Amino acid sequence: MPQRQTYRPELSGNPQSATSRSYPNGNPELDYNRPGVRNTDSAVPLHPAAPVIHDYASDGPAPGNIAFRWTYGSNVAAKNTDPRVQVMQYNEDSFILRQNVCVHWEAPFTYLLFGNKGALLIDNGATANPAHYPLRETVDAIVARWAKARGRTRVPLTLVMTSGEDHAQTKGLAQFAGRPGTVIAPTPLAAMKEFHGLLGDWPNGTGSIDLGDRVIRVIPTPGTHKDGISFYDPYCDFLFTGDLLFPGKINIGNDRDFVASLERLKAFADANPVKYVMGGHIDMMFVPGQAYPRFRNYKPYERVLEMEPALIDEALQYAREVQGRDLMLIRPDFILLNGVSPDQRTDVWPADVPKIRPPHPF
């Protein structure tokens, strides 16, 4: 009689397992999405007979993995052969996309989230030309594959932005013009506020986007841009902050709004579980306080994208310090620029930040 294999939860969804064995879809001994199942510890049927309804009620953050390296460009951009859009599947219903740094030096991130009623694309990159940056083609392929796995023929898509003013996160909108089943948040400030239900309560109110049992919270966070918005996903416990807080050079547009928005984010994070703060870019190197200059298309020593929620408190502390002053202030995981050029340099190095010379790429 053959021996039945025992399920080992420590192997579930872990491609880094020391045994090189894993159960990428969770526990094969469980029926998909049985009553009481939480997160993604369940196996998706290969050929569902009816649309699969997922339970997004999480006892904690949904499992996921960012354990790989982002592509980092080339010294000669024209010779780069990496994908124009790098796709990372965090879990069954959450994707992180990054624009190739040789297509645009800011290499912005875009986030694609699925629920039982539709999908949400947060930000859309820095390049309109689909031949150089095939965002829509990539998103359509992910949506089609997800729909097939879930037994669906139609997945409505909503596009929103952390800022309509940020040219590195709005240029891809043109690719989605006329796409069936697609709603695009308007970029004019008043229209954007109305779209999110914030017209009468900006910036202190909150809005919501219901993807079908996965409700994304909308939090006004002006400061780097006057129309800045952050989004919170209670399934993965991610806080998407765009240009407001990311591992890089943060250009403060209005320091009073910037401080107020960080205070709002801190209060929100104190009241809601946040696993990671997910920004729109990476400028910082892996050594503390060092950042790549603008227009660099080769960044082999980047810091990781995800930020611990404690960095909200740190950003708030130092935002108060630079308020009312034209100043560049260096911290290990970000640099604040208030009233100065994004190319500003300083000889003032904080005593509590180790000064390590980064390696020189050849």
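Kindly list the number of the only condition in (1) of a type in the set (S, T, Y); (2) under 28 Å from N65 (Cα atoms); (3) free of Cβ contacts under 8 Å to residues at least 40 places away in the same chain that fails for Y298.
That leaves (3) as the condition not met.
Going through A260, A269 one at a time, which residue ends up being open to solvent by 20 Å² or more (accessible area, probe 1.4 Å), closer than 21 Å to P309 by Cβ, in contact with a helix residue (DSSP H, G or I) (Cβ under 8 Å, 6 or more places away or on another chain) and of a type in the set (A, V, I, L, M, F, W, C)?
Result: A269 is the single residue among A260, A269 that is open to solvent by 20 Å² or more (accessible area, probe 1.4 Å), closer than 21 Å to P309 by Cβ, in contact with a helix residue (DSSP H, G or I) (Cβ under 8 Å, 6 or more places away or on another chain) and of a type in the set (A, V, I, L, M, F, W, C).
Out of curiosity, is Y111 of a type outside the set (V, I, T) and part of a strand (DSSP E or B)?
yes
What single numbered condition from (1) touching a residue at least 60 places away in the same chain (Cβ under 8 Å); (2) open to solvent by less than 10 Å² (accessible area, probe 1.4 Å) fails to hold for V304?
Against the list (1) touching a residue at least 60 places away in the same chain (Cβ under 8 Å); (2) open to solvent by less than 10 Å² (accessible area, probe 1.4 Å), V304 comes up short only on (2).
Looking at the structure I just gave you, is V139 assigned to a helix (DSSP H, G or I) and crowded, with 21+ Cβ neighbours inside 10 Å?
yes
Working only within the range 80-93, note down all residues that are in a strand (DSSP E or B) and open to solvent by 30 Å² or more (accessible area, probe 1.4 Å).
The answer is V87, Q89.
Give the residues of the range 170-203 that are open to solvent by 20 Å² or more (accessible area, probe 1.4 Å), within 20 Å of P130 (Cα to Cα) and in contact with a strand residue (DSSP E or B) (Cβ under 9 Å, 6 or more places away or on another chain), sorted by residue number.
L173, A177, R179, G181, T182, V183, I184
Is it true that some residue in the range 146-168 is surrounded by 15 or more Cβ atoms within 10 Å (Cβ to Cβ) and within 19 Å of N297 (Cα to Cα)?
Among the residues of the range 146-168, at least one is surrounded by 15 or more Cβ atoms within 10 Å (Cβ to Cβ) and within 19 Å of N297 (Cα to Cα), which makes the answer yes.
Take the range 303-334 and flag every residue that is part of a loop (DSSP other than H, G, I, E, B), within 22 Å of D270 (Cα to Cα) and either in contact with a Gly (Cβ under 8 Å, 6 or more places away or on another chain) or of a type in the set (F, W, Y) (or both).
L305, F334
If a residue must be out of contact with any helix residue (DSSP H, G or I) (no Cβ under 8 Å at 6 or more places or on another chain), open to solvent by less than 40 Å² (accessible area, probe 1.4 Å), closer than 22 Å to Y111 by Cα and not hydrophobic (A, V, I, L, M, F, W, C), how many such residues does the range 273-296 contain?
The total comes to 2.
Take L327 and tell me if it is closer than 21 Å to I282 by Cβ and open to solvent by less than 80 Å² (accessible area, probe 1.4 Å).
Answer is no for this residue.
Quick grid of which residues meet (1) outside any loop (DSSP other than H, G, I, E, B); (2) closer than 21 Å to T182 by Cα:
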position: P61; (1), (2): no, no
position: F68; (1), (2): no, no
position: F95; (1), (2): yes, yes
position: V103; (1), (2): no, no
position: T127; (1), (2): no, yes
position: A144; (1), (2): yes, yes
position: A147; (1), (2): yes, yes
position: R152; (1), (2): no, yes
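Could you list all residues from the range 307-324 that are of a type in the set (D, E, K, R) and either in contact with a helix residue (DSSP H, G or I) (Cβ under 9 Å, 6 or more places away or on another chain) or loosely packed, with under 11 Cβ neighbours inside 10 Å (or both)?
Answer for the range 307-324, where residues must be of a type in the set (D, E, K, R) and either in contact with a helix residue (DSSP H, G or I) (Cβ under 9 Å, 6 or more places away or on another chain) or loosely packed, with under 11 Cβ neighbours inside 10 Å (or both): D313, R320.
Is at least one residue of the range 63-79 of a type in the set (A, V, I, L, M) and either modelled with pLDDT of 95 or more or buried (at least 20 other Cβ atoms within 10 Å of the Cβ) (or both)?
For the range 63-79, residues of a type in the set (A, V, I, L, M) and either modelled with pLDDT of 95 or more or buried (at least 20 other Cβ atoms within 10 Å of the Cβ) (or both): absent.
Can you find a residue in the range 334-345 that is charged (D, E, K, R) and surrounded by 13 or more Cβ atoms within 10 Å (Cβ to Cβ)?
Looking through the range 334-345, none of the residues is charged (D, E, K, R) and surrounded by 13 or more Cβ atoms within 10 Å (Cβ to Cβ).
When both residues are 6+ apart or on different chains and their Cβ atoms are under 7 Å apart, which pairs have a first residue that lies in the range 156-177 and is more than 25 Å from N251 (Cβ to Cβ), and a second that is assigned to a strand (DSSP E or B) and hydrophobic (A, V, I, L, M, F, W, C)?
L157/A119; L157/L121; T158/L120; T158/V183; T158/I209; F176/L159; F176/I184
The values are calculated or read from the model by the stated rules, or taken from the named source; none is laboratory data. What you see is a predicted model, and the numbers here were worked out from it, not measured in a lab. Here the Cβ is made from the backbone with ideal geometry for all residues, glycine too, and neighbour counts use every protein chain on show. These accessible areas exclude ligands, DNA and RNA; they are computed on the full protein's heavy atoms, side chains included. Shrake-Rupley method; radii C 1.70, N 1.55, O 1.52, S 1.80 Å.
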